[in-house]
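Trainee: I am attaching a structure below and will ask some questions about it afterwards.
The values are calculated or read from the model by the stated rules, or taken from the named source; none is laboratory data. Only a predicted model underlies this, so the values are computations on that prediction, with no experimental measurement involved. Glycine also receives a Cβ, built like all others from the backbone with ideal geometry; neighbour counts cover every protein chain displayed. With ligands, DNA and RNA removed, areas are computed over all heavy atoms of the protein, side chains included. Shrake-Rupley method; radii C 1.70, N 1.55, O 1.52, S 1.80 Å.
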Amino acid sequence: MKKFLAQEEREALQKQHRSEKDRRVADRMKAVLLADAGVEVKILAKFLLVNRATVGQHIKDYKTQKKLTLTSGGSEGYLTKEQTEELLAPLREHVYATTLEICQYIEQTYDVLYHFRSRTLWLKEHGFSYKKPAPVSAKANPAEQAKFRAAYEKFLAEKPAYEPAFFVDAVHPTMGTKLSYGWIPTGEDHPIPTTASRTRGNILGAVHRKTMPIIKDTYDMINSCGQKIFRHRREEIPDVKIHAFLDNGGYFKSLEARKYAEKLNIKLHFSQRTARTSIP
């Protein structure tokens with residue numbers, strides 16, 4: 001850092017520092033004097049036991065306003081009251097995923113450096129929380145899962161060794177808005193416009209229970225994909241009975257899909273026991 005103090009100004013600060021009783025003001029003077037002497041900000045921060053953003057603000061305050069004293073009896077923020085009020089508006093309108101993004105916005109907008117920890121405290125003090133919309137769990141009932149596991153172990157003990165078993169599942173990637181975490185005013189929701197697109201793909205996979213090869217198929221239409229994956233497995237393994245373990249997707253449990261599987265000699269086992277679909 002280049003020298004920015006005149007000789008008379010430097011001597012006056014040194015003299016004032018020797019008689020200064022307020023430690024916080026004295027630290028500001030140290031920051032200014034040492035920065036003028038060429039000491040790096042990161043070293044000053046370590047020496048004064050504060051973060052680099054604080055040191056940078058002390059130096060900027062002196063350069064722009066010749067400011068060394070505090071305007072109140074307590075500690076002050078780096079932003080003025082007016083700047084703080086102005087900043088709250090974009091924070092409420094736009095969800096920032098990280099504190100670093102907020103620090104960068106403040107630096108670009110107000111030319112003020114903030115350490116991310118200081119910014120986190122500031123956000124909490126001003127009523128913001130780091131959170132994500134609460135999803136509704138889609139997990140199966142634990143009691144039903146326990147029943148299924150017992151039935152599955154019984155099935156393995158009684159099943160002929162030559163009859164293959166597959167675990168089948170589907171994934172449907174969509175082109176749409178995905179919500180994530182961000183800083184949002186505590187107790188408030190932050191509506192985010194979502195895309196109107198309903199574009200999505202249909203990918204079904206099957207894993208052989210014993211040999212574990214992964215087989216996948218893609219389908220344009222979801223309604224018929226259950227029947228198609230049954231047919232593909234039958235074409236790969238002719239003659240013997242096939243067992244398929246599935247979730248409760250409608251394309252697997254539909255009457256058409258179940259009748260088609262029965263026609264192909266494929267036994268369907270669903271993840272939850274129901275009146276019409278269960279492990280015998």
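Trainee: Can you confirm whether the range 232-243 contains a residue that is open to solvent by 50 Å² or more (accessible area, probe 1.4 Å), in a loop (DSSP other than H, G, I, E, B) and at pLDDT below 80?
Mentor: No, every residue in the range 232-243 fails to be open to solvent by 50 Å² or more (accessible area, probe 1.4 Å), in a loop (DSSP other than H, G, I, E, B) and at pLDDT below 80.
Trainee: Looking only at the range 224-243, how many residues end up being among the acidic types (D, E) and touching a helix residue (DSSP H, G or I) at 6+ places or on another chain (Cβ under 8 Å)?
Mentor: 0
Trainee: From the list T64, T54, exactly one residue is surrounded by fewer than 17 Cβ atoms within 10 Å (Cβ to Cβ), of a type in the set (S, T, Y), within 41 Å of the chain's Cα centre (by Cα) and not in a loop (DSSP other than H, G, I, E, B). Which is it?
Mentor: That would be T64, the only listed residue that is surrounded by fewer than 17 Cβ atoms within 10 Å (Cβ to Cβ), of a type in the set (S, T, Y), within 41 Å of the chain's Cα centre (by Cα) and not in a loop (DSSP other than H, G, I, E, B).
Trainee: Being open to solvent by less than 100 Å² (accessible area, probe 1.4 Å) and at pLDDT 80 or above is the requirement here; does G74 meet it?
Mentor: No; evaluated as a whole, the condition is false for this residue.
Trainee: On to the next question. Can you run down the residue pairs with Cβ atoms below 9 Å, 6 or more apart or on separate chains, where the first is in the range 235-253 and more than 10 Å from H269 (Cβ to Cβ) and the partner is among the basic types (K, R) and surrounded by fewer than 15 Cβ atoms within 10 Å (Cβ to Cβ)?
Mentor: K253/R276
Trainee: What are the residues in the range 3-37 that are closer than 29 Å to R119 by Cα, open to solvent by 40 Å² or more (accessible area, probe 1.4 Å) and of a type outside the set (A, V, I, L, M, F, W, C), if any?
Mentor: If the condition is that a residue be closer than 29 Å to R119 by Cα, open to solvent by 40 Å² or more (accessible area, probe 1.4 Å) and of a type outside the set (A, V, I, L, M, F, W, C), then D22, R23, R24, K30 are the ones that fit.
Trainee: Another question, then. Within the range 170-207, which residues are open to solvent by less than 70 Å² (accessible area, probe 1.4 Å), touching a Lys or Arg at 6+ places or on another chain (Cβ under 9 Å) and closer than 30 Å to F230 by Cα?
Mentor: Result: H172, P173, T174, G176, I203, L204, G205, A206.
Trainee: Just checking, does the range 215-228 include any residue being at pLDDT 75 or above and either open to solvent by 60 Å² or more (accessible area, probe 1.4 Å) or more than 29 Å from R149 (Cβ to Cβ) (or both)?
Mentor: Yes, there is a match, as at least one residue in the range 215-228 is at pLDDT 75 or above and either open to solvent by 60 Å² or more (accessible area, probe 1.4 Å) or more than 29 Å from R149 (Cβ to Cβ) (or both).
Trainee: Also, quick follow-up: If we keep just the residues of the range 120-133 that are modelled with pLDDT of 75 or more and either assigned to a loop (DSSP other than H, G, I, E, B) or basic (K, R) (or both), which is least open to solvent (accessible area, probe 1.4 Å)?
Mentor: Across the range 120-133, the extreme among qualifying residues is G127.
Trainee: Answer yes or no: is there a residue in the range 96-108 that is at pLDDT below 85, assigned to a helix (DSSP H, G or I), touching a Lys or Arg at 6+ places or on another chain (Cβ under 9 Å) and of a type in the set (S, T, N, Q).
Mentor: Yes, the conditions are met somewhere in the range 96-108.
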